[in-house]
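To keep things clear, I will list the structure first and then write my remarks on it.
The values are calculated or read from the model by the stated rules, or taken from the named source; none is laboratory data. Owing to the predicted nature of the structure, the values given are computational and were not obtained by experimental measurement. Note: ideal-geometry Cβ built from the backbone for every residue, glycine included; neighbour counts use all protein chains shown.
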Amino acid sequence: MLALTSATGKLGKAVIDAVLENKLVDPSELVVCTSSDPLDARFDALRDQSITVRYNNFDQPESLERAFAGCSKLFLVSTPRISMDYNDAPLWQGREAHHRAAIDAAVKAGVKHIYYTSLAFGNPSKAGVMRAHIRTEKYLSDLADKGKVDYTIIREGLYNESWPLYFGYYFRLRDEKRHQVVVAGDGPISWTSIADMAFGTAQIISAPSDTWKGKTLYLSQTETCSLEDIARKVSSAQGQDIHLKVVSKKEYEDHYAASGTERASVEWWSSTYEALKNGECDIKDDTLKTMLREAGREPTSIDETIAKMLGGEGGQIVG
């Protein structure tokens, strides 16, 4: 049995869909875990396929153990509660606390292999967003060294669909009024669509455990596009000039805090740009490219995603 968390999240749902669409696992062998009411009508389509739907909550360890009961493998998507990481959260007080709760519950429930979704930054990394991921990766590695569980770390690429977050801390798409976007650094980014990552992830978690046991891999495109490139593409798509302004980390934090964004959130995020400047998101792992090519699939380009998100008809963006 394979348990999958974050059933309603963007990546979690996409992975479940990829598993089912590609008939990688018999539906009766799937346990979909959700923090929502498992009897909610939105899960009827899953139940109609003989998929088990169970409740789990990172804040309720007993619910985690019940959710994972009878499963040999767990696909663990990182918790979205980023506020836990604010203010340089010390060890086991950031998001890794949720991850450890799920991992410990899985081990107690008899799960043999955990697949964890990390992010496609370097290790070590300057990005605060990676702190909880790296702590979780180490915890899994330590447990594996003790023979308690096998693991695979899937460093998912930076979502194509998340470019508005990196491009000026939530560029507001069609309602955006800014003609100048402030960032604290720039560098090459291997953008990757959620659908492409989900396809690759589904292949990994459905394969025999030994195939990926003990491995840390990046599921990312190898072609890159900087934020300066994004500015040109957005300008082309919108028919108006959007300029990128690179400032210091302190100026960036002051700028967005003054605009009404919670300072702790901005300070946590600002270090991301140091990682970009250091080339941490210039990914050379061709695992995903190989998977897509062997399946006869073409990756979704960042151009296509920008055009779609900005209301364009296609992916033809100049620049």
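Taking segment 216-232 as the range and being surrounded by fewer than 17 Cβ atoms within 10 Å (Cβ to Cβ) and touching a Leu at 6+ places or on another chain (Cβ under 7 Å) as the test, only Glu228 passes.
Of all residues in segment 232-256, those that are at pLDDT 95 or above and either closer than 26 Å to Phe199 by Cα or hydrophobic (A, V, I, L, M, F, W, C) (or both) total 3. Listed by position, the helices (runs of 4 or more DSSP H) inside segment 82-177 whose residues that are more than 23 Å from Thr300 (Cβ to Cβ) and either in contact (Cβ under 8 Å) with a residue 12 or more places away in the chain or of a type in the set (Phe, Trp, Tyr) (or both) number at least 3 are 96-109, 131-145.
Look at (1) in contact with a strand residue (DSSP E or B) (Cβ under 7 Å, 6 or more places away or on another chain); (2) within 22 Å of Arg155 (Cα to Cα); (3) part of a helix (DSSP H, G or I) and you find that Leu74 fails only one, number (3). Per this entry, Ile302 is not counted among residues that are within 30 Å of Glu29 (Cβ to Cβ), surrounded by 21 or more Cβ atoms within 10 Å (Cβ to Cβ) and not aromatic (Phe, Trp, Tyr). Scanning segment 233-249 for residues that are surrounded by fewer than 19 Cβ atoms within 10 Å (Cβ to Cβ), outside any loop (DSSP other than H, G, I, E, B) and under 27 Å from the mean Cα position of the chain (by Cα) gives Ser235, Lys245, Val246, Lys249.
Flag not set for Thr52, criterion: at pLDDT 95 or above, hydroxyl-bearing (Ser, Thr, Tyr) and closer than 30 Å to Trp269 by Cα.
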